[in-house]
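Peer 1: One structure is given below, represented as structure tokens, and several questions about it will come after.
Derivation of every value follows stated rules applied to the coordinates shown; laboratory data play no part. All figures in this text were calculated on a predicted structure; none of them were measured in a lab.
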Amino acid sequence: LAGLGTYVVLDLLVIQPKPRPGRILAIGNATTASEVSPAKSADSLQPLADYLASVTQYNPFTGAAQGQAAPVIKTTKRRLEELASGLMVVGIDRGPNPVALIEHGAQQRTYTVKVGDEINGMIVKEISSEGVVVSYEGEQLLLQ
């Protein structure tokens with residue numbers, strides 16, 4: 001363990017070369033040293049006001065530029081409701097290991113599920129006489 005610690009300290013402090021001042025090179029997609037070109041000089045850069053104008057036009061919280069409508073962001077609750085649409089509980093066996101029959105109207109399919117099973121991207125959390133509780137990313141919904 002001491003040897004490993006010594007190796008790490010030597011590697012970080014002694015062996016690593018110190019950065020030297022010099023020209024900054026823009027490598028980009030260069031494959032050989034002859035294709036490497038110096039970075040843009042201050043003469044070819046845009047004025048600071050142009051950069052600030054382009055940054056202030058974009059709203060990082062909505063993902064839209066100024067004058068554009070914010071994109072529709074689906075919440076977890078809304079996504080859960082979409083996944084559960086068309087599902088209907090048609091039968092419940094409340095024995096020692098409860099089982100539920102869930103019918104998907106659009107797919108014309110019937111699922112037999114128990115607690116812990118996955119149905120349509122949701123996890124079955126509870127089966128009771130009221131219905132089946134499903135969960136998606138922490139949100140829960142009661143199917144009846």
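Peer 1: Taking 0.36 nm per residue of sequence separation and subtracting the Cα-Cα distance, how much length would be gained by fully extending the chain between residue 54 and residue 103, in nm to one decimal?
Peer 2: So the chain would gain 12.5 nm between residue 54 and residue 103.
Peer 1: Starting from the Cα-Cα distance between residue 129 and residue 6, subtract it from 0.36 nm times their residue separation and give me the gain in nm to one decimal.
Peer 2: 37.8 nm
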